[in-house]
Amino acid sequence: MLRLELDSRRATRKLGAALASLLEVGDVVWLEGALGAGKTFFTRGLFRALGVPEAVPVTSPTFALLHEHEGRVPLAHLDLYRLSSVDELVELGLFEVMERSVTVIEWGARFREGIGARGVALTLSRRAGEERGRDAVIEGLDPRGEALVARLRDAWPRSPAARGEG
């Protein structure tokens, strides 16, 4: 498990870019956090680092359930908030999408067992009384996820300037 203090939006974007450099097709990033915690902002940073152009909007797929993007690899952004069962995921063909993409899943923790708990879980939370400060907890859910967390720990900048401060 890796705990990080993200003192700015820039640091959240840098975390997305750092993780992006480690991901491969088939990897899954599970995002949790309250509304406004920075899940979609993090995803935007991750997708930009994976080659999605600035001109392409990266927004929450709350009502569409799935947004697919092309970068250096196929990318899928899922929001499972409105779904109630794993059967709905099967009906929508989301398992196939996950196999051919780097996949980011918002609000999916309740489906992990049915989908298969793989990849990394990232929980973002806002710090009380702070507009831009966030805390991030990143946990590997399987051997591949644990390896990603270890590599991210080694790669994460430790100086305030590298974290996006100042």
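Numbers for the structure displayed
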{"read-out": "Values of log10 I(q)/I(0), in the order q = 0.14, 0.23 Å⁻¹, for the stretch 74-148 under a Debye, Cα-only, solvent-free model", "value": "-0.53, -1.13"}
{"read-out": "Within the chain, helix-based [θ] at 222 nm, where runs of 4 or more DSSP H residues each add -39,500 (n - 2.57), nearest 500", "value": "-9000 deg cm²/dmol"}
{"read-out": "Net lengthening on full extension, Thr59/Ser85 (0.36 nm per residue, minus Cα-Cα)", "value": "7.0 nm"}
{"read-out": "Test item: Cα-centred dipole of the chain, Lys/Arg +1 and Asp/Glu -1 on Cβ, debye", "value": "760"}
{"read-out": "Dimensions in Å of the chain - Rg and Dmax from alpha carbons", "value": "15.0, 48"}
{"read-out": "Sites Arg72 and Arg100 - FRET efficiency at Förster radius 22 Å, r taken between beta-carbons, to 0.05", "value": "0.95"}
{"read-out": "Among Ser84, Gly140, Leu19 - extreme Cα towards positive end, dipole of the chain, charges at beta-carbon", "value": "Leu19"}
{"read-out": "Heavy-atom SASA rank of Arg48, Arg153 (probe 1.4 Å, accessible area, largest first)", "value": "Arg153, Arg48"}
{"read-out": "Highest to lowest packing among 66-72, 76-82, scored as the average C-beta count within 10 Å", "value": "76-82, 66-72"}
{"read-out": "Contour excess over end-to-end distance, with Cα ends at Leu35 and Ser8 and 0.36 nm allotted per residue", "value": "8.0 nm"}
{"read-out": "Antiparallel DSSP beta bridges within the chain, percent to nearest 5", "value": "55"}
{"read-out": "Convex hull of the stretch 1-81 built on C-alpha atoms - directionally averaged projected area, nm²", "value": "5.7"}
{"read-out": "Accessible carbon and sulfur surface of the chain relative to its total accessible area, %, 1.4 Å", "value": "52"}
{"read-out": "Local electrostatic count, Gly26, Cβ distance below 14 Å [Lys/Arg +1, Asp/Glu -1]", "value": "-2"}
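The values are calculated or read from the model by the stated rules, or taken from the named source; none is laboratory data. Small disclaimer: the values here were computed from a predicted structure and weren't measured. For neighbour counting, all protein chains shown are included, and Cβ atoms are generated from backbone atoms with ideal geometry for every residue, glycine included. Calculation scope for accessible area: heavy atoms of the full protein, side chains included, ligands and nucleic acids excluded. Shrake-Rupley method; radii C 1.70, N 1.55, O 1.52, S 1.80 Å.
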